[in-house]
Every structure is written in C-alpha cells, then in structure tokens.
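**Q** The structure is given below, and queries will be raised subsequently.
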Amino acid sequence: MTRVREADPADAAAVRRVHEASILGLGPRGYDAEQVDAWAGDRTPADYGHLGGAGRHSVVAERDGDADGDSRGDGAVVGFGELTPERADYLAGPPATVGGDDAAVGAVEAVYVHPAHAGEGVGSALLAALEREASARGLDALGLHASLNAVGFYERRGYEREREATHAFGDDPDVTGTVVELWKRLDRGPR
C-alpha cells in the first residue's frame, strides 16, 4: 500500500537515493548516458534541506518494505514530489486553455519514483497529493517541465503539451536536452 505524507528534513537521505535511482533507472528511456549522468549529478542529502520548509510543498510516498534501504515509519520512501505554489520562471506562461495570464498558477517541480516501483501507482498518488494541495491553496492550474521519459505519465493525468524547451542537465551548461512544458487546469469545484 502506498502512503503519501508531507516530507520533512529527516527524509533528505531517502529522497536523494530515490531521486538518483529514478534518474539512473528511468532517465535512459529519454536521454543518452551523458545527459543522464549530468542530470543525476553529485547530489548529497544537504541538497534536500528545503524539505518541510517554506516556499515549497514536498511530499514522499512510502511503501511497506525496504526498497531504498532506509525504512522510516511504517515503510520505505519510494517516491517524492514537490509543488511550488507560484509560477516558475522557466515556464513560458499559462496558456488560454488553463486561464491564461489571469490564472493563479503553480508549478510541479518534481515527481520521482524509485524504478523498482515504477508503474505501481506511486507517481499517480504523489501527483494527486500535489494537485489537492494546489487546489486547496486556490490555484487554478499547474505547469511543469517533464523529462521525455515522463511526458506520457503526465498526459494520462490530464496535462496538455504546450511547447518543448531546452534544459541544461546538472552543472555543465553544455549538456542539454529537450523537456516538454505541460499544463493542467485544476478542478476547484464551484467558484
């Protein structure tokens, strides 16, 4: 069973492991070895010190068992996601289909799943939690940049392609690749 909860700083090491495993295990579906290596980078748990802090809403998914080598609470962290409740600078802007410039928008910054649990609903549970939080914060729509290997995942959940963009992977500005900007209008019920 997958449980999604708010992340906190104690999750940093597990989130780092899931992030790296996801990139190395699933990234080759859309990118070459140089791009994947740069994307995975040399992350440390300190890079995830923002978990549980202000400015972002971070969640983790746990499953019974020990898929990532770090059980916490009832299960192992097998995925994570992050929401920024404001428009990200890298997004071109909300298209008319989600309310255009008048829409209150946020950004899905991350949804990563350990490759041993890909296709088991972990990513869907994380994204649903982020969308609920965005709706609760009064956002009309969410935008994101999806890696090529994740575009289908977002499209199956109602996100629509807006454009392709070039993204620099890691610290080397010469290692770039294509990402896809997608948007989704959120259902906030009666207004």
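A short reminder: the numbers here are calculations on the coordinates, not readings from a lab. A quick note: this is a predicted structure, and the numbers were derived from the prediction, not measured. A quick note on method: Cβ atoms are made from the backbone with ideal geometry, for glycine too, and the neighbour counts reach across all protein chains shown.
**Q** Condition first: closer than 15 Å to Ala107 by Cβ, surrounded by 17 or more Cβ atoms within 10 Å (Cβ to Cβ) and either in contact with a Ser or Thr (Cβ under 6 Å, 6 or more places away or on another chain) or of a type in the set (A, V, I, L, M, F, W, C) (or both). Now tell me which residues in the stretch 149-191 satisfy that.
**A** Residues satisfying the conditions are Ala150, Val179, Val180, Leu182, Trp183, Leu186.
**Q** Restricting attention to the stretch 65-78, does a residue exist that is without any contact (Cβ under 8 Å) to a residue 24 or more places away in the chain and under 16 Å from the mean Cα position of the chain (by Cα)?
**A** Scanning the stretch 65-78, I find no residue that is without any contact (Cβ under 8 Å) to a residue 24 or more places away in the chain and under 16 Å from the mean Cα position of the chain (by Cα), so the answer is no.
**Q** Additional query: Return yes when Ser58 is assigned to a helix (DSSP H, G or I), in contact with a strand residue (DSSP E or B) (Cβ under 9 Å, 6 or more places away or on another chain), among the small types (Gly, Ala, Ser) and surrounded by 19 or more Cβ atoms within 10 Å (Cβ to Cβ) and no when it is not.
**A** no
**Q** Which residue, of Glu162, Glu131, Glu155, is acidic (Asp, Glu), on the phi < 0 side of the Ramachandran plot and in contact (Cβ under 8 Å) with a residue 60 or more places away in the chain? Before the answer, list the steps.
**A** Working: Glu131 fails: in contact (Cβ under 8 Å) with a residue 60 or more places away in the chain; Glu155 fails: in contact (Cβ under 8 Å) with a residue 60 or more places away in the chain.
None of the others qualify; the one that does is Glu162.
The rows are residues; the columns are (1) in a loop (DSSP other than H, G, I, E, B); (2) closer than 27 Å to Arg5 by Cβ.
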{"position": "Gly81", "(1), (2)": "no, yes"}
{"position": "Ala110", "(1), (2)": "no, yes"}
{"position": "Glu120", "(1), (2)": "yes, yes"}
{"position": "Leu127", "(1), (2)": "no, yes"}
{"position": "Phe153", "(1), (2)": "no, yes"}
{"position": "His167", "(1), (2)": "no, no"}
{"position": "Lys184", "(1), (2)": "no, yes"}
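**Q** Just checking, which of Val179, Val122 is touching a strand residue (DSSP E or B) at 6+ places or on another chain (Cβ under 7 Å), β-branched (Val, Ile, Thr) and touching a residue at least 40 places away in the same chain (Cβ under 8 Å)?
**A** Val122
**Q** Would you mention how many residues in the stretch 144-191 are under 20 Å from Val122 (Cα atoms) and not hydrophobic (A, V, I, L, M, F, W, C)?
**A** 11
**Q** Still on this model: Yes or no: the stretch 134-148 includes at least one residue that is touching a strand residue (DSSP E or B) at 6+ places or on another chain (Cβ under 9 Å), hydroxyl-bearing (Ser, Thr, Tyr), farther than 22 Å from Arg5 by Cβ and in contact (Cβ under 8 Å) with a residue 40 or more places away in the chain.
**A** Scanning the stretch 134-148 turns up at least one residue that is touching a strand residue (DSSP E or B) at 6+ places or on another chain (Cβ under 9 Å), hydroxyl-bearing (Ser, Thr, Tyr), farther than 22 Å from Arg5 by Cβ and in contact (Cβ under 8 Å) with a residue 40 or more places away in the chain.
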